[in-house]
Amino acid sequence: MASTLRRDTAAAAPPAGPHALARIGALGDLEHPRQVLGHVTPNWYASIMGTGIVATAAVSLPVQFPGLRAFASVVWAAAALLLAGLTVVTVLHWRQHRQTARGHHLDPVISHSYGAPPMAMLTVGAGTLLLGRDVLGRLGHGRRPHRPWRPARPSVPAAGGHHPAS
């Protein structure tokens, strides 16, 4: 796996001097800040999964005290933002460091972490069901939900041979 990382980073031309972030003391060991994306692994989603679990657990406690639901909403929003951000970073990782990303599937340790992204999505989704109404409001409140799979009227005549709409 180290050789694939070297191959990804060696393809870029070395910069003339230190990059802008290195001049202020950040990411000074890297030739280019984009190299940070070469080290993104699926286990990063476990932190989002844990954050979503904290929000879901806080709102599901049998005893609620003032401020707990607001705390859970803030934690849920943080998990949702982290999920969106890490998903963008993961897409960039796959686009810019494809060989390294493919190597993660073959790694006997990292490959087990591919369960973390769907579990992170699941916990943020559960938090959306429990807390989303507080933040997003009740969409379609008071209206009958649209169900395209259900016909507007029965297609089979009722008992006695008469159609109820007739």
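Any chance you could run the full-extension gain for A78 through V91? It's 0.36 nm times the residue separation minus the Cα-Cα distance, nm to one decimal. Mind dumping the intermediate values first?
Working: separation 13, 0.36 × 13 = 4.68 nm, distance 1.99 nm.
Answer, rounded to one decimal: 2.7 nm.
When only DSSP loop residues count, what trypsin sites (Lys or Arg not before Pro) in the stretch 101-139 have their Cβ near at most 13 other Cβ atoms within 10 Å?
Qualifying residues, ordered by number: R138.
Amide H to amide H under 5 Å from T41: which residues, 5+ apart in sequence or cross-chain, H placed 1.01 Å off N in plane?
HN-HN under 5 Å from T41: empty list.
No lab work stands behind these numbers, since they all come straight from the coordinates. The structure displayed is predicted, hence computed values, not measured ones. Neighbour counts run over all protein chains shown; Cβ positions are idealised from the backbone, glycine included.
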